[in-house]
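The values are calculated or read from the model by the stated rules, or taken from the named source; none is laboratory data. No experiment lies behind these values; they were computed from the predicted model shown. FYI the Cβ positions are ideal-geometry reconstructions off the backbone, even for glycines, and counts take in every protein chain you see.
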């Protein structure tokens, strides 16, 4: 195997670092693309639910962008920061981006936007995102 081929495989940490580095660009493109298609994403949970409900093709890229958006709404509302667990394989959110440290009295509590978006797409009802946000308020 050539040296270049060996280096093409990124570590999970490098993938997460890329995820963070690309965050604002990906969200900007997601919001502008939605706008071009007649959907206004204004960092409200209702606007995200409306977009998901109105979108036919819910592929992995779409789901990931929705999760980034939800995570940023959550982070702006409750605080915390994006994190990832790469050390504990029994963690429910192992290798998934989460919002962490948003509750001072429960420092191990995390919120996984990808799983909440996935649950909504698989049959969640309107208000699921607000319910998830409110369930994490103190």
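How many residues, within region 73-82, are free of Cβ contacts under 8 Å to residues at least 40 places away in the same chain and either buried (at least 16 other Cβ atoms within 10 Å of the Cβ) or part of a loop (DSSP other than H, G, I, E, B) (or both)?
Selection size over region 73-82: 3.
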Residue check, residue 4 more than 18 Å from residue 133 (Cα to Cα), in a helix (DSSP H, G or I), modelled with pLDDT of 95 or more and out of contact with any helix residue (DSSP H, G or I) (no Cβ under 8 Å at 6 or more places or on another chain): no
Conditions (1) modelled with pLDDT of 95 or more; (2) part of a helix (DSSP H, G or I); (3) loosely packed, with under 13 Cβ neighbours inside 10 Å; (4) over 14 Å from the mean Cα position of the chain (by Cα): number failed by residue 24: (4)
Residues that are part of a helix (DSSP H, G or I), surrounded by 15 or more Cβ atoms within 10 Å (Cβ to Cβ) and without any contact (Cβ under 8 Å) to a residue 60 or more places away in the chain, drawn from region 110-129: 113, 114, 115, 116, 118
Members of region 39-56 found to be out of contact with any helix residue (DSSP H, G or I) (no Cβ under 8 Å at 6 or more places or on another chain) and in a loop (DSSP other than H, G, I, E, B), listed by number: 42, 56
Subset of region 94-109 that is touching a strand residue (DSSP E or B) at 6+ places or on another chain (Cβ under 9 Å) and over 12 Å from residue 71 (Cβ atoms) - its residue that is surrounded by the fewest Cβ atoms within 10 Å (Cβ to Cβ): 108
